[in-house]
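Comments concern the structure below.
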């Protein structure tokens, strides 16, 4: 019962202007590409970036208010542990201020949607304390949704954060990348090697570029699945690192779900995989709930626990109204992240839009 974003596929697509013009120059200005790496999400954050980008055009009248309330709940939950900077459309600023007050930094910005994990930059750092932001050329998940404004979010955030923007010709989203911060990544072929993002690019060519950008030594490939949701199977709904050598993986027990066979295959791969250090992965399974609250339940409802977010001192996770599954997920997350609070919140509006907490956030590491 993991189903994800599919309800916005029918929207028309307006091609966005790419940012390749200054990409090579920005990349060349960096001294040593191999020095840069993407930290593990559980490493200390300077802040969390989010986007208050729900619009009636995309979300519909019924879901709009609930999605906006969910965004505020996520932001306020994180803000108890670290600063949150929220991009907000100018017209939505009064509402955002009513919902979040001064507990969240609100920044006026043009937006199409709310999925900061995918539209925002991926931050990388060096051991010397440098920081930069990679712009992965967001294209509306393969031109499935309007992205004129969201195509500029990564560069906007980089400027606002005061860090250098690194350009690349790769097209991908942050939700498709999961790293342990020590040289290993898990990604899905269905998303990264899709013709709607990187046409004609071989797996080896993709690996070579991504390894340089993120400081990777090894990529573990999961098959994922194309065309069932707008993301073409993002990694952050299938597998996450709790720490080096330990992976939390989704399992959908419903044989009627398209994700049932997919998650079984992923578990088989992960249980026989090793990381960049040669360490065999320990795999902890988070089983999807068997029931959810009925008010916002639909085919695209994203009912899975893997899309949690790790911030300073806490893990922000969903609950879906299945007492047994909710409690089991919380226990496992508490065991996986000792010393952090595990905060479960109702995100039914966001889930009905096919996403989760992780999809709405992007961490900026502290160096």
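Numbers at a glance
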| item | result |
| --- | --- |
| Prolate/oblate/rounded call for the stretch 161-283, Cα gyration tensor, a/c under 1.5 rounded | oblate |
| Simple spin-label estimate for residue 91 and residue 169 in nanometres, 7 Å along Cα-Cβ | 3.9 nm |
| Gyration tensor verdict on the stretch 237-367 (Cα atoms; rounded if a/c is under 1.5, prolate if a/b is larger than b/c, oblate otherwise) | oblate |
| Length-normalised contact order for the chain - Cα pairs under 8 Å, 6+ apart - percent | 25 percent |
| Sorted peptide list for 311-323, 200-212, criterion being average Cβ within 10 angstrom, highest first | 311-323, 200-212 |
| Cα-based convex hull, the chain, per residue volume (Å³, whole number) | 124 Å³ |
| DSSP-defined antiparallel bridges as percent of all bridges, the chain, nearest 5 | 40 percent |
| Taking only Cα atoms of the stretch 117-185, radius of gyration then Dmax in Å | 12.4, 40 |
| Among 155, 294, 65: highest mean-square fluctuation, GNM of the chain, C-alpha pairs under 10 Å | 294 |
| Inter-part distance where the stretch 252-323 and the stretch 125-171 are each reduced to a Cα centre, Å | 27 Å |
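Every number in this text was worked out from the coordinates using simple rules, so none of it is lab data. What you see is a predicted model, and the numbers here were worked out from it, not measured in a lab. Counting neighbours? That spans all protein chains shown, and the Cβs are built from the backbone with ideal geometry, glycine included.
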